[in-house]
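Asks: Please find one structure pasted underneath; my questions will follow.
The values are calculated or read from the model by the stated rules, or taken from the named source; none is laboratory data. Please read these numbers as outputs of a predicted model, since none were measured by experiment. All Cβ positions, glycine included, derive from the backbone under ideal geometry; neighbour counts span all protein chains shown. In case anyone asks, the SASA skips ligands and DNA or RNA and just uses the protein heavy atoms, side chains included. Shrake-Rupley method; radii C 1.70, N 1.55, O 1.52, S 1.80 Å.
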Amino acid sequence: SSINIGLMGSQALNQFRSPPEMTSPRYVIWSGLDADVQTAQLAVEFTATGGGAFDSANHQKILFVVDSTNGNILYQESQILHGTVTGQVNEYVTTDYRADACSAEVIRGMPYAKVLIGTATVYTDTNGAFSYTNTGTASLVVAPSLAGKYFRVVEQSSTLGTVASQTVANGGSATFLFNPTPSEFNTAQTNTYEIANRTREKILAANATYPTISTQLNFTINTNIADVCNAYYDGSSINFFSAGGGCNNTGFGDVVAHEFGHHMVQCGGSGQGAYGEGQSDIVGIIITDNSQLGLGFSSCSSGIRSANNSCQYSSTACTSCGSAIHSCGQLISGCFWSLRNSFISTYPSDYRTRLAKLAVNSTPLHAGSGTIQNDITLDYLTLDDDNGNLGDGSPNYTANSNA
């Protein structure tokens, strides 16, 4: 029998601003889609096309399957397939956590890099991949930058690392590489960007709502400052010096993690002082899992501090390792390294995750004075507790207490 077009299209065609063009309807048996199995019934299938083909806001082409008795829509699917522009943003970074002068460079995906596609902005994922749905049909100019989603690199002594833009066809793909010929100044930019993002990820993996850091965008990294043998945090940026004076470029590894660790301490509500130095060294440890801090700072075979220490509290000199603020900080980094050595035996598969949770979440619990106090032990025990009662200890009471 003939199909009543008016009845069959009574609901479907309401989705168009003006009467669409329709294909000839045909009878089909509808029994659901994929795993959504339904009782088989007689249905009518047709396609409706409306709006101008070059008017992306209004153009529609929809396949309909409707009930053959009343025109109720059983299923619909857009037939317009947009092109997807995809790509990968990579960077040459130092292969390990030592200074760039100590190790070779390797290509890694650039996390959360800003990519301008036409007039739209997208960001790469943690592995440097990006994807953009093109609602048009024309080719697009694609241009990544070192101004990422969470960090922006501000170069102080040479040209900011850039890559040439590429024109990518609709549905096409492109690959970009920052620092293609590694050099001190360019590698400092990619190294600091890489480690700052990984440190942020580590902090948020331990506490997804960590104060400020969980929502902060465009934090500043200043690289290749015309000075030597230092790096610093100033409350709103982390800053790294050029090579010279017997020191390598400081934009590398746990030096970056340490300086962002100071930001974690500030955002957690604590003062800096000896606590800030020691806790920032601990942030470096949860990134590298190495007791040597700053490997390659001036010597490729040694660091500038060690958490594998026996520093003891001194009422007159802060610590038996010295009274300088970084030496005082070794009181807490040494305790943390002892706990690390205990956990690696007890929890060989996830000790680093457990340690990071304790270190990160103890920070907002710390008093704001910037001193290293006995209540840090209670903070660790409280975080380790699993039943709200410290009176019966905690799962790792002995390890925490001994450390």
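Asks: Working only within region 1-16, note down all residues that are open to solvent by less than 70 Å² (accessible area, probe 1.4 Å), more than 9 Å from Val66 (Cβ to Cβ) and not in a helix (DSSP H, G or I).
Replies: Across region 1-16, the qualifying residues are Ile3, Phe16.
Asks: What's the number of the only condition in (1) closer than 12 Å to His263 by Cα; (2) touching a Gly at 6+ places or on another chain (Cβ under 7 Å) that Ser236 fails to meet?
Replies: (2)
Asks: For the structure I just gave you, tell me whether Thr49 is open to solvent by less than 70 Å² (accessible area, probe 1.4 Å), under 30 Å from Gly128 (Cβ atoms) and among the hydroxyl-bearing types (Ser, Thr, Tyr). Write out each step before concluding.
Replies: Details: open to solvent by less than 70 Å² (accessible area, probe 1.4 Å): yes; under 30 Å from Gly128 (Cβ atoms): no; among the hydroxyl-bearing types (Ser, Thr, Tyr): yes.
The answer is no for Thr49.
Asks: Do we find that Gln292 is closer than 23 Å to Leu358 by Cβ, within 28 Å of the chain's Cα centre (by Cα) and surrounded by fewer than 22 Cβ atoms within 10 Å (Cβ to Cβ) in this structure?
Replies: yes
Asks: Go through the residues of region 259-277 one by one and say whether even a single one is at pLDDT 95 or above, surrounded by 24 or more Cβ atoms within 10 Å (Cβ to Cβ), of a type in the set (Asp, Glu) and in contact with a His (Cβ under 7 Å, 6 or more places away or on another chain).
Replies: yes
Asks: Between a residue in region 54-68 that is farther than 17 Å from Met8 by Cα and at pLDDT below 85 and any residue that is in a strand (DSSP E or B) and open to solvent by 50 Å² or more (accessible area, probe 1.4 Å), which pairs come within a Cβ distance under 9 Å, given they are 6 or more apart or on different chains?
Replies: From region 54-68, the pairs are Gln60/Ser78.
Asks: Let me ask something else. Do any strands (runs of 3 or more DSSP E) lying entirely in region 65-111 carry at least 3 residues that are among the hydroxyl-bearing types (Ser, Thr, Tyr), and which ones are they? Walk me through how you get there before you give the answer.
Replies: On the way: elements: 73-78, 83-94, 105-109.
Once the strands (runs of 3 or more DSSP E) in region 65-111 are filtered for at least 3 residues that are among the hydroxyl-bearing types (Ser, Thr, Tyr), what remains is 83-94.
Asks: Within region 188-202, identify whether any single residue is open to solvent by less than 50 Å² (accessible area, probe 1.4 Å) and more than 20 Å from Thr124 (Cα to Cα), and answer yes or no.
Replies: Scanning region 188-202, I find at least one residue that is open to solvent by less than 50 Å² (accessible area, probe 1.4 Å) and more than 20 Å from Thr124 (Cα to Cα), so the answer is yes.
Asks: While we're looking at this one, here's another question. Suppose we filter region 17-36 for residues that are more than 12 Å from Leu74 (Cα to Cα), among the polar types (S, T, N, Q) and surrounded by 10 or more Cβ atoms within 10 Å (Cβ to Cβ); how many remain?
Replies: Of the residues in that region, 1 qualify.
Asks: Additional query: For Val153, state whether it is aliphatic (A, V, I, L, M), under 30 Å from Ile225 (Cβ atoms) and in a loop (DSSP other than H, G, I, E, B).
Replies: Values: aliphatic (A, V, I, L, M): yes; under 30 Å from Ile225 (Cβ atoms): yes; in a loop (DSSP other than H, G, I, E, B): no.
So Val153 fails the test.
Asks: So, one more: Got a number for residues in region 136-150 being assigned to a loop (DSSP other than H, G, I, E, B), hydrophobic (A, V, I, L, M, F, W, C) and surrounded by 23 or more Cβ atoms within 10 Å (Cβ to Cβ)? Give the derivation first.
Replies: Initially, region 136-150 is screened for residues assigned to a loop (DSSP other than H, G, I, E, B), giving 136-139, 146, 148-150.
Going one step further and asking which of them are hydrophobic (A, V, I, L, M, F, W, C), we end up with 138, 146.
Add one more test, that the residue is surrounded by 23 or more Cβ atoms within 10 Å (Cβ to Cβ), and what stays is 146.
Number of matching residues: 1.
Asks: Are any residues in region 72-106 loosely packed, with under 15 Cβ neighbours inside 10 Å and modelled with pLDDT of 95 or more, and if so, which ones?
Replies: Listed by number, the residues that qualify are Thr95, Ala104, Val106.
Asks: Out of Ile376, Ile325, Ile372, Ile344, which single residue is free of Cβ contacts under 8 Å to residues at least 12 places away in the same chain and among the β-branched types (Val, Ile, Thr)?
Replies: Going through Ile376, Ile325, Ile372, Ile344 in turn, the sole match is Ile344.
Asks: Which of the residues that make up region 295-327 are of a type outside the set (A, V, I, L, M), surrounded by 19 or more Cβ atoms within 10 Å (Cβ to Cβ) and assigned to a loop (DSSP other than H, G, I, E, B)? Reasoning before the result, please.
Replies: Residues of region 295-327 of a type outside the set (A, V, I, L, M): 296-303, 305-306, 308-316, 318-323, 326-327.
In the following step, the residues that additionally are surrounded by 19 or more Cβ atoms within 10 Å (Cβ to Cβ) were identified as 296-297, 303, 305-306, 309, 311, 318-319, 321, 327.
Hits for region 295-327 are Gly296, Phe297, Gly303, Asn309, Cys311, Cys321.
Asks: State all residues of region 112-133 that are assigned to a strand (DSSP E or B) and open to solvent by 50 Å² or more (accessible area, probe 1.4 Å); if no residue qualifies, say none.
Replies: Narrowing region 112-133 to residues assigned to a strand (DSSP E or B): 114-117, 120-123, 129-133.
Selection gives Lys114, Leu116, Thr121, Tyr123, Ser131, Tyr132, Thr133.
Asks: Quick one: count up the residues across region 151-183 that are open to solvent by less than 60 Å² (accessible area, probe 1.4 Å) and either of a type in the set (Val, Ile, Thr) or touching a residue at least 12 places away in the same chain (Cβ under 8 Å) (or both). Break it down stepwise before answering.
Replies: Pass one, region 151-183, residues open to solvent by less than 60 Å² (accessible area, probe 1.4 Å): 151, 153-155, 157-158, 161, 163, 168-172, 174, 176-179, 182-183.
Of the ones still in play, those that are also either of a type in the set (Val, Ile, Thr) or touching a residue at least 12 places away in the same chain (Cβ under 8 Å) (or both) are 151, 153-155, 157-158, 161, 163, 168-172, 174, 176-179, 182.
Residues that pass the stated criteria total 19.
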